[in-house]
1. As an exercise, use a Förster radius of 22 Å and the Cβ-Cβ distance of residue 184 and residue 54 to find the FRET efficiency, rounded to the nearest 0.05.
2. How much length is gained on full extension from residue 170 to residue 120, taking 0.36 nm per residue of separation minus their Cα-Cα distance?
3. I'd like the accessible area for residue 125, computed on protein heavy atoms only with a 1.4 Å probe and all protein chains in place. Round to 10 Å², please.
4. In whole percent, and with a 1.4 Å probe on the protein chains, what portion of the accessible area of the stretch 85-133 is carbon and sulfur?
5. Which whole-Hz ³J(HN,Hα) couplings does the stretch 156-164 yield from phi under the Karplus relation 6.51 cos²θ - 1.76 cosθ + 1.60, θ = phi - 60°, glycine and proline marked x?
6. Per-residue accessible area for residue 177 at 1.4 Å probe radius, Å² rounded to 10?
7. Can you tell me how much longer the chain between residue 83 and residue 155 gets when fully stretched, taken as 0.36 nm per residue apart minus their C-alpha distance, in nm with one decimal?
Amino acid sequence: MRFGAFVLAAALPITLGACGQRDDATSTQANEAAANEVTAGNDAAPLEPSGAQAFVNKAAASDRFEIETSKLVADSAASSAVMAYARDMIAAHTASSAKLKAIVAPSAVVIDDRLSPSQRAALDDMKMKKGYIFDAAYVAAQVHGHEQTLTELRNYAASGDNAALKGFAQGLIPTVEQHLAEAKNLK
């Protein structure tokens, strides 16, 4: 995509010149745009966290997502079963966040609970829904989120690089399995 923009930006002054309608301002803007594309393409992307830091960030973001989406239920859901499930999710994920904070407090690991783009999009989408349409979106998000979290927990419990966090992951697996089963039964 960037290469295509670079080619397009580089070809623009030539095309305009060939038509006899070359505009120096347009040419300058095109050249600056092309230079910016090349510069942006050369910038190194920030490194993604790995190991314990990556696990902590994903676990914290998962808890935050579950809490934030579950808080929407009180004003948007139609089903009393969905409402009860959401109350349980707020309590469980608030407790999980507190436990995670206690585990990482003495270490150099810093919790970053920013939602991923897909989590942010799902949350924003749910904010616009009401009634049974909201319920369906909420349940789908819970199933998907708990499946992803379960995979992360199992992977870290099996091969993580921090013993305390491995224990945390292993201890949460049964709870997340239960949450997933409950979410699937809400359908």
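The values are calculated or read from the model by the stated rules, or taken from the named source; none is laboratory data. Values in this document were obtained by computation on a predicted structure and should not be read as measured data. With ideal geometry, Cβ positions are generated from the backbone for all residues, glycine too; neighbour counts draw on all protein chains shown. Just so you know, the surface numbers come from the protein's heavy atoms only, side chains and all, with ligands and any DNA or RNA stripped out. Shrake-Rupley method; radii C 1.70, N 1.55, O 1.52, S 1.80 Å.
1. 0.20
2. Roughly 15.3 nm would be gained on extension.
3. The accessible area comes out at roughly 60 Å².
4. Details: 1970 of 3130 Å².
Roughly 63 percent of what the probe reaches on the stretch 85-133 is carbon or sulfur.
5. 5, 4, 7, 9, x, 9, 9, 4, 5
6. Around 70 Å² of this residue is reachable by solvent.
7. Once the chain is fully extended between residue 83 and residue 155, it gains 22.8 nm.
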